1. In the set 180, 218, 227, which member is modelled with pLDDT under 95 and under 19 Å from the mean Cα position of the chain (by Cα)?
2. If you check 190, 236, 151, 201, which single one turns out to be within 24 Å of residue 109 (Cβ to Cβ) and over 19 Å from the mean Cα position of the chain (by Cα)?
3. When you go through (1) free of Cβ contacts under 8 Å to residues at least 24 places away in the same chain; (2) in a strand (DSSP E or B) one by one for residue 137, which number turns out not to apply?
4. Only one of (1) among the small types (Gly, Ala, Ser); (2) over 23 Å from residue 3 (Cβ atoms); (3) open to solvent by 20 Å² or more (accessible area, probe 1.4 Å); (4) out of contact with any Asp or Glu (no Cβ under 9 Å at 6 or more places or on another chain) fails for residue 134. Which number is that?
5. Can you say whether residue 207 is among the aliphatic types (A, V, I, L, M) and in a helix (DSSP H, G or I), as far as the supplied structure shows?
6. Counting only residues that are polar (S, T, N, Q) and either in contact with a Pro (Cβ under 9 Å, 6 or more places away or on another chain) or part of a loop (DSSP other than H, G, I, E, B) (or both), how many does region 140-153 have?
7. Criterion first (touching a residue at least 24 places away in the same chain (Cβ under 8 Å), within 20 Å of residue 204 (Cα to Cα) and not β-branched (Val, Ile, Thr)) does residue 114 satisfy it?
8. What are the pairs with Cβ atoms under 9 angstrom where one residue, in region 183-195, is assigned to a loop (DSSP other than H, G, I, E, B) and the other, located anywhere, is open to solvent by 70 Å² or more (accessible area, probe 1.4 Å)? Sequence gap at least six, or different chains.
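The values are calculated or read from the model by the stated rules, or taken from the named source; none is laboratory data. Quick caveat: nothing in here was measured; it's all calculated off a predicted structure. Heads up, the Cβs are rebuilt from the backbone with ideal geometry, glycines too, and the neighbour counts pull from every protein chain shown. To get the accessible areas, we keep the full protein, side chains included, count just its heavy atoms, and leave off ligands, DNA and RNA. Shrake-Rupley method; radii C 1.70, N 1.55, O 1.52, S 1.80 Å.
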Amino acid sequence: MKILGVIPARYDSTRLPGKVLRNIAGKPMLYWVYRNARKSRLLADLMVATDSEKVVQFCELEAIPVILTGRHPSGTDRLREVMERVDADIYINIQGDEPLLRPDHLDGIVSPFLKGDAQVQVSTLKVAVDEAAAQDPNIVKVVTDDSGRALYFSRHPIPFDRDGAGGVRRFKHIGIYAYTRAALTLFHSLPESTLESAEKLEQLRFLQNGVSIYVVETPYDTVGVDTEADLERVNLLLSRSEPG
């Protein structure tokens, strides 16, 4: 099974312009994402996919494999273009704004496919969070059935503790995905769903069209960088953990 890791890297971010090349602990954010993803032994190949010449120039300077793509509305659509140009069995969408990514995340997300279940077309990750994080609409939550398939993703704190009894476990969704070729092709062919439009979560397009998403729990949280505050937090964490 050939597993290809792809880091969609859009330079023109709305909330944090140029964020994939913003400095974190002396290196651009994209450097950290690539460096950490490369540690996974399950990846046959790893590359960056971008529509930015600035990102291409950085990758070439760092000897990071890169593909220049057209402009796309989402990382999933960019991944599909890569699929049309590079052959693999499984494609992992590795967010370019996850500098605290671990190889454990990638190994975990691939695990449902390695069990040989032909029904597995899409997988992703979750991590347990506290009540404060559960109440934050910027943090996407996920609930699953007993077999690990997603029931729903929401910015709302789900499941809702109606009686206020406490003890309800909630999980943050970590936005890294693994897809089969068939799943990527199907996603591109489907129109935006009503749930997707309401929550602004593209994975709901799969659920609303009856495609199961398998969710693997990880003990390792990440910090997706969307704001200056996120950037400062990650910079502090990586500055402390890196030698020198």
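1. Numbers: 180 fails: modelled with pLDDT under 95; 218 fails: modelled with pLDDT under 95.
Only one candidate passes the filter, namely 227.
2. Details: 236 fails: within 24 Å of residue 109 (Cβ to Cβ); 151 fails: over 19 Å from the mean Cα position of the chain (by Cα); 201 fails: over 19 Å from the mean Cα position of the chain (by Cα).
Just one listed residue meets the conditions, 190.
3. (2)
4. (3)
5. It is true that residue 207 is among the aliphatic types (A, V, I, L, M) and in a helix (DSSP H, G or I).
6. 1
7. Working: touching a residue at least 24 places away in the same chain (Cβ under 8 Å): yes; within 20 Å of residue 204 (Cα to Cα): no; not β-branched (Val, Ile, Thr): yes.
No.
8. Hits for this filter: 190/208; 190/209; 193/208; 193/209.
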